[in-house]
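Down below is the structure, laid out as C-alpha cells.
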Amino acid sequence: GFAEQVEQEERNCPNDPAVLKEVHLSISQILRQPPTLSERVIEAIKRKGGKPAVVFLYRAGALYPCFRTSSLLEDLRERIEVPVVLFYPGRLIGHYGLSFMGRCEPAHGYRAMIIPREQP
C-alpha cells in the first residue's frame, strides 16, 4: 500500500516541489527495500527461463531522480553472469564521463564499457 499512498500524494499536490521531493525519496526507499530493484531484475530474468545471452535494461530515465543507474549496475555486476546492456539517456563527456540526461555533472569511473550512439 506504500506505493499507492505515494502516488496519491503526488496526484493531490501536482508540481509542488516539497511534495515531489518527498515522493522521490519515497520511491527511492521502495526500490531499495526487499525486493530491491536489482532483485526484481534478477527475478524477471529467472521467470524467462534458461540463461540469457545478454540482458538489456531500458527506460533508465524513469528512475531519475529516485535511483542511480550506477547503483543498479554495481549491484547486478556480481550477481549476473552475462553481459548487461543499459540504454542510458545521457551524454558522453570526454572518454569516460556520463552526464545523465544532460542534467547532472558528468560521473567518471564507470566500470562499464561505454558505447556511444552514433550522431546523425
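The values are calculated or read from the model by the stated rules, or taken from the named source; none is laboratory data. Keep in mind that this is a model prediction, so the values were computed, not measured. Cβ sites come from the backbone with ideal geometry, for glycine too, and all protein chains shown count toward neighbours. Accessible surface areas use protein heavy atoms only, side chains included; no ligands, DNA or RNA. Shrake-Rupley method; radii C 1.70, N 1.55, O 1.52, S 1.80 Å.
The table below lists the values:
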{"item": "Furthest towards positive pole of dipole, Asn15, Leu63, Ala53, structure part the chain, Cβ charges", "result": "Ala53"}
{"item": "Cβ charges +1 (Lys, Arg) and -1 (Asp, Glu), total dipole of the range 1-102, debye", "result": "480"}
{"item": "Accessible area (Å², per residue) of the chain, counting only protein heavy atoms and a probe of 1.4 Å", "result": "75"}
{"item": "Listed residues Val6, Val85 arranged by accessible area, highest first, probe 1.4 Å", "result": "Val85, Val6"}
{"item": "The range 79-96 residues near the modelled Arg40 label - backbone nitrogen below 17 Å, point 7 Å along Cα→Cβ", "result": "87"}
{"item": "Most fluctuating residue given options Arg40, Arg77, Arg11, as computed from a GNM of the chain linking Cα atoms under 10 Å", "result": "Arg11"}
{"item": "DSSP bridge pairs, the chain: antiparallel proportion in percent, nearest 5", "result": "60"}
{"item": "Eligible aspartates and glutamates near Lys51 by straight Cα distance, threshold 17 Å, same-chain separation 8 or greater", "result": "Glu39, Glu43, Glu78, Glu81"}
{"item": "Heavy-atom accessible surface of the chain: percent carbon and sulfur, 1.4 Å", "result": "54"}
